[in-house]
Amino acid sequence: MGFRKDFVWGAATSAYQIEGAADEGGKGESIWDAFCKEPGRVRDGDSGITACDHLHRMRQDVQLMKELGIRAYRFSVSWPRLLPEGTGRVNEAGAAFYSELIDCLLDAGIEPYLTLYHWDLPLALARRGGWMNSDIVRWFGEYAGLVGERFGSRVSRFFTINEPQCFIGLGYQSGVHAPGERHSVRDTLLMAHHVLMAHGRAVQMLREKAGRDILIGLAPTCGAVYPASESPEDVEAARKVFFSIPEEGRWTWNVSWWSDPVFLGHYPEEGLRRFHDVMPDVQPEDMRLISEPLDFYGQNIYNGWCVRAGEDGTPVEVPRYPGFPRTASDWPVTPEALRWGPRFLWERYHMPLYITENGAACTDVLSLDGQVHDPQRIDFVRRYLRELRRAADDGADIRGYFYWSLLDNFEWHDGYSRRFGLVYVDYRDQRRIPKDSAFWYGDVIRSNGGCL
Ligand code: IFM
């Protein structure tokens with residue numbers, strides 16, 4: 001079987017990580033602009049102030065994608081670039097930039113996939129309580145409506161929110177990401193509820209203002225749990241852990257709290273029992289809003305862990321062997337995650353699925369021959385895509401794959417120390433050098449995965 005004939009082969013980025021021009025063109029400040037100014041928050045004092053200077057090099061970057069054969073581009077709009085105060089006044093220069101980007105992509109035959117929120121909350125809204133304030137449902141709806149109105153006639157595929165697990169967990173629980181706060185479980189559960197309602201409101205507003213049929217999904221993330229064997233017992237044990245809710249300190253790192261409400265219309269029982277004393281007040285109309293029908297599901301999957309059934313069927317984690325393969329960001333290399341994650345998600349939610357992010361940081365260097373040789377990335381992606389193809393063969397409805405990332409970029413609190421790109425960025429002069437993996441990925445695309 002293999003990949004569908006119309007399988008979407010893309011690459012992904014996000015606004016704050018590549019655009020730069022953080023204080024130019026009428027853009028308002030985001031929580032990441034403020035966070036990067038706080039000493040000690042980001043490695044080496046890096047910030048997204050210049051990033052990949054994509055705002056000024058957008059045409060060149062689109063042209064490069066075209067040359068590499070990339071067919072779809074998933075990017076995010078910076079909320080404060082469009083609405084500097086988060087609501088109200090529109091920054092026309094910001095709107096013009098995204099409009100131009102979309103036109104360039106369409107001219108190049110590259111399908112735009114637009115994400116509304118990839119973590120750069122307008123600082124003005126953070127000062128009004130941010131995700132703690134229920135007004136954010138309305139604010140986000142206004143922003144989504146504006147995006148629908150301005151771009152909905154040319155963009156037909158949207159994602160509302162990227163990785164809520166991360167921006168709530170890292171931003172408001174452990175505090176290693178912007179805005180660097182540490183809140184109680186009660187607070188983060190309330191924020192999560194607002195995130196989900198804001199997602200639902202955005203779906204409504206996008207559809208209303210686009211004025212034509214558009215397709216919408218969301219893009220959470222997961223650490224995928226895979227079974228030690230194909231035995232029904234191991235598979236069941238892995239599935240159980242995959243959809244379980246972790247203990248309070250890590251509660252955001254799960255699938256079902258974020259996806260059951262959206263696709264099944266309710267929070268998972270296990271979590272409701274565990275968080276009984278700290279749950280926000282949830283109204284039936286909230287759940288109706290959250291479960292606004294979607295067209296597809298995105299999932300960012302980088303790795304996972306292995307589980308087997310113990311003597312009595314209880315799931316047991318299988319320890320990794322010494323010297324287990326790891327990427328340059330110390331993440332385990334577990335290709336099985338791209339078979340079992342999508343398969344379990346498909347079985348539970350029955351939604352067409354895109355892998356909206358997958359990729360690896362490698363210790364890429366500009367070699368003496370002027371090229372960037374990254375065999376480890378090629379090996380990583382080949383292994384993962386082979387497993388994704390198995391998920392499709394197992395019957396999961398997999399529509400596309402977006403490599404993270406098109407360009408090396410600002411990797412949040414790790415600054416520029418992690419290189420995930422298909423294209424190397426020399427930050428000294430912003431030169432783009434496609435890595436070996438970029439050309440290889442072009443072959444994968446042209447053969448629809450046949451060369452894997
Ligand atoms: O760079 C991030 C991205 O912003 C969200 N998903 C994971 C990537 C790699 O860490």
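Points worth noting:
- Within segment 408-417, considering residues that are crowded, with 23+ Cβ neighbours inside 10 Å and under 20 Å from Pro375 (Cα atoms), the one farthest from the ligand (Cβ to nearest atom): Asp408
Let's see how each residue does on (1) away from the ligand (no atom under 16 Å from the Cβ); (2) at pLDDT below 95; (3) among the aromatic types (Phe, Trp, Tyr); (4) within 21 Å of Ser14 (Cβ to Cβ):
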position	(1), (2), (3), (4)
Arg399	yes, no, no, yes
Ser405	no, no, no, yes
Gly421	no, no, no, yes
Asp429	yes, no, no, no
Arg432	yes, no, no, yes
Asp436	yes, no, no, no
Trp440	yes, no, yes, no
Gly449	yes, no, no, no
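- Segment 246-262, subset of a type in the set (D, E, K, R) and under 19 Å from Gly175 (Cβ atoms), residue modelled with the lowest pLDDT: Glu248
Yes/no per residue for (1) at positive phi; (2) more than 16 Å from the ligand (Cβ to nearest atom):
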{"site": "Glu317", "(1), (2)": "no, yes"}
{"site": "Gly323", "(1), (2)": "yes, yes"}
{"site": "Ala337", "(1), (2)": "no, no"}
{"site": "Thr363", "(1), (2)": "no, no"}
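- Count of segment 175-190 residues which are open to solvent by 30 Å² or more (accessible area, probe 1.4 Å) and under 19 Å from the mean Cα position of the chain (by Cα): 1
- The number of residues in segment 425-452 that are in a loop (DSSP other than H, G, I, E, B) and either open to solvent by 10 Å² or more (accessible area, probe 1.4 Å) or more than 21 Å from Tyr384 (Cα to Cα) (or both) comes to 9.
- Selection over segment 230-284 of residues that are open to solvent by 70 Å² or more (accessible area, probe 1.4 Å), in contact with a helix residue (DSSP H, G or I) (Cβ under 9 Å, 6 or more places away or on another chain) and within 18 Å of His350 (Cα to Cα) gives a count of 2.
- Failed criterion for Arg386 (all others in (1) closer than 24 Å to Ala15 by Cβ; (2) more than 17 Å from the chain's Cα centre (by Cα); (3) not in a loop (DSSP other than H, G, I, E, B) hold): (1)
- Any chance Thr221 is among the polar types (S, T, N, Q), over 22 Å from Trp139 (Cβ atoms) and touching a residue at least 60 places away in the same chain (Cβ under 8 Å): yes
- No other residue among Ala360, Ala328, Ala396 is crowded, with 24+ Cβ neighbours inside 10 Å and in a loop (DSSP other than H, G, I, E, B) apart from Ala360.
- Filtered residue count, segment 68-118, keeping only those that are under 21 Å from Trp404 (Cα atoms), among the basic types (Lys, Arg) and open to solvent by 10 Å² or more (accessible area, probe 1.4 Å): 1
- Selection count, segment 301-314, where residues are surrounded by fewer than 21 Cβ atoms within 10 Å (Cβ to Cβ) and touching a strand residue (DSSP E or B) at 6+ places or on another chain (Cβ under 8 Å): 3
The values are calculated or read from the model by the stated rules, or taken from the named source; none is laboratory data. On a predicted model such as this, the values are computed, not experimentally measured, just so you know. All Cβ positions, glycine included, derive from the backbone under ideal geometry; neighbour counts span all protein chains shown. Note: accessible area is taken over every heavy atom of the protein model, side chains too, but ligands, DNA and RNA are not part of it. Shrake-Rupley method; radii C 1.70, N 1.55, O 1.52, S 1.80 Å.
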